[in-house]
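Bear in mind these aren't lab numbers, they're just calculated from the coordinates by the rules spelled out. Worth saying up front: this structure is predicted, and the values here are computed from it rather than measured. Glycine gets a Cβ as well: all are built from the backbone with ideal geometry, and neighbour counts include every protein chain shown.
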Amino acid sequence: MRTHLLEEHNRYLCRTSYCTSVFRSMTECDKHFKDVHDASNILDLTCGECGKVFIRRGHLEEHMLIHVTKSEREVFSCPEPSCKSKFARECNLQHHMKGHAEEGWKCPQCDFVTAEKHNLKQHIV
């Protein structure tokens, strides 16, 4: 199968025997292996509050939000005057802002605009 993928489809199969991930380049395949399967690359990050262990720093940082009271959290507010949305993470505010942009998904029946198509579908229903 590995040979078939490479010769017929120009795709690379993960080099582990148990993973079925397929990639367009050897570089992507190597990065996947290092990020997912290489034990020397996995971090042991433990929450100082509850002892839960994570292997990705971003996951620990997101988890830590549950230990902070709502009033202590940094809040990222939408700068649009007509919008009262607030977010605990700046990346979520940035994603939200796409909904205010003209290139977002627009409702054909009103002024509603969203960054994600599924939100438009829910709005219409």
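Provide the packing ranking of 29-37, 44-52, i.e. peptides ordered by the mean count of other C-beta atoms within 10 Å per residue, highest first.
Averaged packing, sorted descending, gives the order 29-37, 44-52.
In straight-distance terms, cross-link reach from residue 121 covers every one of the lysines whose alpha-carbon lies under 29 Å from its own, apart from those fewer than eight places away in the same chain; here that gives 84, 86, 98, 106.
For an R0 of 22 angstrom, estimate the FRET efficiency from the Cβ-Cβ distance between residue 59 and residue 21 and round to the nearest 0.05. Can you show the working numbers first?
On the way: r = 20 Å, r/R0 = 0.90.
The formula returns an efficiency of 0.65 here.
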